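The structure under discussion appears below in the form of structure tokens.
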Amino acid sequence: MELLGNINIQFYILAYVISGIPFGYILAKKFAGVDIQQSGSGNIGATNVLRVVKQKDPVLAKKLGIATLLLDALKGAVIILLAKAVGVEDSTLWMIGVLSVIGHCFSPFLGFEGGKGVATGFGVLLVLLPIPTLIAFVAWILVVKGLRISSLSSLIALLILIISSYIIYPDIPKIHSHSPILIIAFIIFYKHIPNILRLLRNEEGKVV
């Protein structure tokens, strides 16, 4: 019980639990009557929500897709902002960020299944590493507009974020390590392995 009284541990648990809330699954089930895990790619993220719900109601699909994207990003950012407000150390903030992505990708509410971590990772890194994250976001917009393949766009943006983080911050302030960024990137990459295999077979669906 003494361990649970530690503010860092409290934020770690909060980050994992809050980020584990499957907003895409909840929104699709409540407003469209669709089990998003049993439809489309089975992913709970905004792209699959948009793709699956669009078959029933294109207008609703766009609203739910945007809501899922925003909520998944916010749950990655809000706990970090709250922790910053109470003055926890930077190393703790980065650990909160990593656990937020883990919570989304391996949700305790979905049998440790979950999303791919892109939106939640974006929310985390926008707070902790804003300039490289905004550069990656612009790259994502340009690539997704050109190729219309969400997974490939996300992976390219992730690579650009890593490269730009090393260029802009050769030594990450306060923690002096890129390790948390690389851990987040590895988790997102790992969750995209099925997409990568489909890309190699030229079977990956496009966002239309």
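Laboratory data are not the source of any read-out in this text; all were calculated from the coordinates shown. It should be emphasised that the depicted structure is a prediction, and the values quoted were computed from it without experimental measurement. Reconstructed Cβ throughout: ideal geometry from the backbone, glycine too, with neighbour counts over all protein chains shown.
Points worth noting:
- Principal-axis tilt of helix 179-191 within the chain, Cα atoms, nearest 10 degrees: 20
- Degrees between helix 90-105 axis and first principal axis of the chain (Cα, 0 to 90, nearest 10): 20
- Theoretical gain in end-to-end length, residue 55 to residue 183 [0.36 nm per residue, Cα-Cα removed]: 42.5 nm
- Rounded to the nearest 10 degrees, the angle from helix 7-19 to the longest Cα principal axis of the chain is 0 degrees.
- Cα-based convex hull volume of the chain per residue, rounded to whole Å³: 121
- Efficiency of FRET between residue 38 and residue 176 - r from beta-carbon atoms, R0 45 angstrom, step 0.05: 0.50
- For the residue pairs 29/84; 62/84; 56/145; 62/145; 63/206; 54/191, the alpha carbons lie more than 26 Å apart in 29/84; 62/84.
- For the stretch 104-208, alpha-carbon Rg over 2.2 N^0.38 Å: 1.11
- Given charges at beta-carbon only (K, R positive; D, E negative), |dipole| of the stretch 3-200 in Debye: 740
- Low-density loop cleavage sites - trypsin sites (Lys or Arg not before Pro) in the stretch 154-208, where at most 14 other Cβ are within 10 Å (DSSP): 174, 201, 206
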